[in-house]
Amino acid sequence: MPFLPRLLHVDTEAEARREILLIGADPAGAERMAAKMVRRLVKLSRVPCRAANVLKQEMLAVGGDAAVARGSVACSLPETDVILIGTLKQLRQLAGRLGDQPFGLRELADELRGLLARLDQVPDCLVGRSCRLSLDRPRIMGILNVTPDSFSDGGRYSSLQAALEKGRSLAQEGADIIDVGGESTRPGAQQVSAQEEIDRVVPVIEALSREVSCPLSVDTTKSVVAAAAVAAGADFINDISGLMFDPAMAAVAADNGSGLFLMHTRGRPETMQSVTRYQDLVAEVIDYLGKGIAMALQAGVSRDRLAIDPGIGFGKSVEGNLEILRRIGEFRSLGCPILLGTSRKSFIGKVLGEHDPARRLYGTLATVALGVAQGVMIHRVHDVAPARETAMLAWAIRAAGSE
């Protein structure tokens with residue numbers, strides 16, 4: 001009689017617990033075993049070799065393992081990256097065992113506990129200046145460019161009337177946020193003055209705030225523009241520089257109680273595609289965003305007002321964009337909701353051989369579905385209705401495993 005062996009995939013303790021209970025196991029046993037079924041790989045950077053050797057020994061002691069560079073055991077290297085290999089239970093045990101260890105490992109124990117908690121406790125809301133956006137499902141951010149030179153729709157909504165009609169349409173299609181931008185950030189785009197940007201976005205935000213019920217965000221890197229937009233009715237600030245272009249931006253968000261989207265980029269739009277090589281792409285992007293989060297928190301922005309964006313298309317090659325999409329779940333380690341902006345971007349066109357941005361809808365929707373599957377909760381798109389349907393179906397599939 002065949003026993004029908006098959007692979008079982010679980011990513012969370014809740015999924016593991018559900019599978020154990022489905023076979024009729026004792027509930028108390030399910031609680032004990034669930035953490036043993038969920039494996040996590042944790043990468044540490046630049047660990048002194050003496051500390052790395054302790055980590056290796058302690059992981060082996062709890063039944064896991066740790067990968068280190070060749071030569072680490074003999075300390076012929078000053079430091080090494082380390083990959084901890086174990087189940088949730090083993091990693092929690094490791095954190096407990098590091099409390100009495102030297103070489104900075106006591107501090108690592110707290111960092112490790114924090115990381116595991118962030119992975120298991122997904123943020124349930126995002127707070128704006130005068131709104132609270134529940135993250136009980138993926139949210140769709142509709143793009144409203146009031147610019148003459150954006151890569152996909154430049155010039156179409158530069159008049160106030162056209163912008164209002166587009167904003168109403170985005171709201172009717174189901175946008176949860178409308179993102180208003182007055183300066184193109186496409187590769188090679190030139191900067192505009194703060195006053196010109198204010199003149200473009202403020203009238204639109206003022207009018208839309210009276211006509212649509214969904215919150216508005218302003219897409220800007222300039223603190224004076226952000227302040228004017230918030231005064232006009234914007235709830236969120238979407239800073240593509242992750243607070244790196246204008247040091248006053250964090251204070252504007254804190255002083256006004258605004259929500260803040262922090263994105264990664266490398267250089268300004270005029271030059272950002274000139275250098276797209278990274279030694280460790282995902283690690284460098286996470287480090288950049290982590291610094292932005294720290295700056296925001298220090299300025300007084302509460303964590304529940306922050307979301308992070310890895311910056312698809314900003315200082316990255318086609319291969320880099322694909323790598324981030326494949327590994328975007330790793331950004332959950334920052335403990336903030338993830339925003340993903342792939343809509344109609346050139347990497348989709350290069351992969352699919354499609355030069356017209358308006359014909360990149362299906363490629364965009366593929367990234368939305370894959371993003372939802374990995375925990376992305378906000379999707380910035382031009383085509384709201386198709387993206388919303390795609391996200392909701394992907395969410396239904398993802399949520400079915402955790403019920």
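The values are calculated or read from the model by the stated rules, or taken from the named source; none is laboratory data. Keep in mind that what you see is a predicted model, and the values were worked out from it rather than measured. We place every Cβ from the backbone using ideal geometry, glycine too, and count neighbours over all the protein chains shown. These accessible areas exclude ligands, DNA and RNA; they are computed on the full protein's heavy atoms, side chains included. Shrake-Rupley method; radii C 1.70, N 1.55, O 1.52, S 1.80 Å.
Find the accessible area per residue for the chain; the probe is 1.4 Å, ligands and nucleic acids are left out, and the unit is Å². Per residue, the chain has 46 Å² of solvent-accessible surface. Evaluated at 20 °C with a viscosity of 1.002 mPa s, what Stokes-Einstein diffusion coefficient in µm²/s does segment 34-79 have when Rh comes from the Kirkwood expression over alpha-carbon pairs? This corresponds to a translational diffusion coefficient of 187 µm²/s.
Expressed in nm to one decimal, what extension gain is obtained for the pair Ala385 and Ser134 from 0.36 nm per residue of sequence separation less their Cα-Cα distance? Mind dumping the intermediate values first?
Values: separation 251, 0.36 × 251 = 90.36 nm, distance 1.91 nm.
Full-extension gain reported as 88.4 nm.
The candidates Ser258, Ser333, arranged from most to least accessible area with a 1.4 Å probe in the full protein assembly, appear as Ser333, Ser258.
Contact order, relative form, for the chain: 14 percent (alpha carbon pairs under 8 Å, 6 or more residues apart, mean separation divided by residue count). Debye-formula intensities of segment 31-180, expressed as log10 I(q)/I(0) at q = 0.08, 0.10, 0.20 Å⁻¹, are -0.46, -0.60, -1.16 (one equal scatterer per alpha-carbon, no solvent). Label sites at Lys36 and Ser333, each approximated as a point 7 angstrom past Cα along Cα to Cβ, lie 2.7 nm apart. Simple spin-label estimate for Arg156 and Arg359 gives 1.6 nm between the two label positions (7 Å along the Cα-to-Cβ direction from each Cα). Electrostatic bookkeeping for Ile178 treats Lys and Arg as +1 and Asp and Glu as -1; over the other residues with beta carbon under 11 Å from its beta carbon, the sum is -3.
Surface composition of segment 1-157: carbon and sulfur make up 53 percent of the accessible area, probe 1.4 Å. Close Lys pairs in the chain (alpha-carbon distance under 22 Å; sequence gap of 8 or more, or different chains): 11. Placing a label point 7 Å from the Cα of Ile397 along the Cα-to-Cβ direction, the residues of segment 344-377 whose backbone N falls under 17 Å of that point are 362-377. Can you tell me the orientation of helix 281-299 relative to the chain, as the angle in degrees between its alpha-carbon axis and the longest Cα principal axis, to the nearest 10? With rounding to tens, the tilt is 70 degrees.
Judged by a Cβ-Cβ distance under 4.7 Å, the unpaired cysteines of the chain are Cys125, Cys131, Cys214, Cys336. What is the list of residues in segment 22-64 whose amide nitrogen lies under 14 Å from a point 7 angstrom out from the Cα of Phe3, following Cα to Cβ? Counting only backbone N, you get no residues. In segment 179-329, Cα pairs under 8 Å separated by at least six residues give a relative contact order of 21 percent.
Here the scattering of the chain is modelled by Debye summation over its C-alpha atoms, one equal scatterer each and no solvent; at q = 0.10, 0.14 Å⁻¹ the log10 of I(q)/I(0) is -0.72, -1.25. The solvent-accessible area of Phe245, taken with every protein chain present and a 1.4 Å probe, is close to 50 Å².
Sorted by average packing, counted as other Cβ atoms within 10 angstrom per residue and highest first, what order do 113-119, 324-330, 366-372 take? Show your work: numbers first, answer last.
On the way: 113-119: 15.6, 324-330: 17.6, 366-372: 21.6.
Ranked by mean Cβ neighbours within 10 Å, highest first: 366-372, 324-330, 113-119.
So, counting K/R as plus one and D/E as minus one, what does the shell of residues with Cβ under 13 Å around Met33 add up to? So the surrounding residues net to 0.
If R0 is 30 Å, what FRET efficiency do you get for Ala366 and Thr276 from their C-beta distance, rounded to 0.05?
Numbers: r = 22 Å, r/R0 = 0.74.
Computed FRET efficiency for Ala366 and Thr276 comes out at 0.85.
I need the shape label for segment 316-372. Rule: rounded when a/c is under 1.5, else prolate if a/b > b/c, else oblate, with a, b, c from the alpha carbon gyration tensor. In terms of gyration-tensor shape, prolate.
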